[in-house]
1. Normalised by the empirical 2.2 N^0.38 Å for globular proteins, what value does the Cα Rg of the chain take?
2. Counting only helical runs of four or more DSSP H residues, what would the 222 nm mean residue ellipticity of the chain come to if each run contributes -39,500 (n - 2.57) and the total is spread over all its residues?
3. Using Cα-Cα distances under 8 Å and only pairs 6 or more residues apart, what relative contact order does the chain have, in percent?
4. How far is it, in nm, from the label point at ARG142 to the one at LYS21 when both lie 7 Å from their Cα along the line to the Cβ?
5. Relative contact order for the stretch 104-143 using alpha-carbon pairs under 8 Å, separation at least 6, rounded to a whole percent?
6. Which lysines have a Cα less than 19 Å from the Cα of LYS42, not counting those fewer than 8 places away in the same chain?
7. The stretch 69-146 to the stretch 13-51: how many Å between their Cα centroids?
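Taken together, the values in this text are just the output of simple stated rules run on the coordinates, not laboratory data. Here the structure is a predicted model, which is why all the values come from computation and not from measurement. Note: ideal-geometry Cβ built from the backbone for every residue, glycine included; neighbour counts use all protein chains shown.
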Amino acid sequence: MDQLSIREILFDSSEYKEALKLRYQVLRAPLGLEFSAEEMAKEPVCLHFAALQAGQVVGCLLLMPLDSSRVKMRQVAVSPTLQRAGVGKALVISAETAAQQRGFREIVLHARDTAVGFYDRLGYERVGELFLENTIPHLLMRKSLP
Ligand SMILES: CC(C)(COP(=O)(O)OP(=O)(O)OC[C@H]1O[C@@H](n2cnc3c(N)ncnc32)[C@H](O)[C@@H]1OP(=O)(O)O)[C@@H](O)C(=O)NCCC(=O)NCCS
């Protein structure tokens, strides 16, 4: 595998636009859903991260500030051909470090039921029961930052 680099990227940059395409391909197209205007309106205030390999965005996620101490991790997506190769883990760890450096104390997320095991391995705690979001079951998960 070519070298992987994880970077914070700017909203509306060329990497952001590439990441948005990946998010659509991995997370929305399979469900037949589009991004809503409401969620897009929040994108400029989010922190965006990308995994790059050979100049291509192969993974991404974003952190949406909820208040001064909490962020919500959203839109975690890895290129289908590179899943289960450590890209998602590297992205989440980098984003956690960036969040901690900015003074956030907790990350929350809505995990798809099929991805709960991924967040389990990264130290996220399961909270409550499954609920439906975007037509599929999700679970609230959380992690305190050191
Ligand atoms: C879920 C996803 C982000 C994980 O990223 P990834 O690069 O494939 O995962 P990694 O290779 O970094 O996996 C890290 C660890 O989690 C495990 N893991 C990865 N995906 C998993 C899953 N869906 N369920 C359970 N465990 C999983 C890996 O086996 C690995 O375990 P190890 O550390 O014991 O070897 C990625 O597979 C993906 O984009 N899936 C489709 C979209 C999606 O479901 N996004 C999450 C929405 S909440």
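1. Expressed relative to 2.2 N^0.38 Å, the Cα Rg reads 0.98.
2. Helix contribution divided over all residues of the chain: -7000 deg cm²/dmol.
3. 20 percent
4. Label-label distance for ARG142 and LYS21, simple model: 3.9 nm.
5. 52 percent
6. LYS17, LYS21, LYS72
7. When both Cα centres are located, 16 Å separates them.
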